[in-house]
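Here's the structure, in structure tokens; my notes come after.
Here, each number is a calculation from the coordinates, and none is a lab measurement. Small disclaimer: the values here were computed from a predicted structure and weren't measured. Virtual Cβ from ideal backbone geometry, glycine too; neighbours counted across all protein chains shown.
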Amino acid sequence: QVQLVESGGGWVQAGGSLRLSCTVSGRMSSSNAVGWYHQGPGKQRELVAMITRDGLTNYATYVKDRFTISEDSAKSTVYLLMTSLKPEDTGVYYCKTGTFYYGDYAADFGAWGQGTQVTVSS
């Protein structure tokens, strides 16, 4: 079973940057993508960005042009570079394998990891 571990979170002032890392181990199975999710305080977990095995990327509207998702296959790592951070970006960030198909993305079944905390102050 695939395992993912998030890291790279921290505390920054608004306008700052962070790069999150998602290390992937185990078998991807039928999954063809990895997504980064954000869960703000008191809110549901929401997809922020995803990247497919073919390198196709998609972003939530509120992070477009600020966040960049990328992957390094040699290191089995998916990154999320976050720039121009806003207080609204505060929360826990998770990565999860999933499937992207004709514009729709769905996370795989299974438990979520611990995530990594990002705090943006104004």
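Overview of values
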item	result
Over the stretch 80-122: Kirkwood hydrodynamic radius from C-alpha pairwise inverse distances, Å	12.5 Å
20 Å Cα-Cα reach of K86 towards lysines, excluding residues that sit fewer than 8 places from it in its own chain	K43, K64
Average Cα contact separation per residue, the chain, under 8 Å, 6 or more apart, as relative contact order %	35 percent
Residue (of F100, Q117, L4) at the positive-pole extreme of the chain, dipole from beta-carbon charges	Q117
Those aspartates and glutamates that a straight Cα-Cα span of less than 18 Å connects to K96, excepting residues fewer than 8 apart in one chain	E6, E46, D54, E71, D72, D104, D108
Once the Cα gyration tensor of the stretch 1-91 is diagonalised, semi-axes √(5λ) in Å	23, 13, 13
Estimated distance in nm for a label pair at D65 and Y101, the labels positioned 7 Å out from Cα along Cα-to-Cβ	3.4 nm
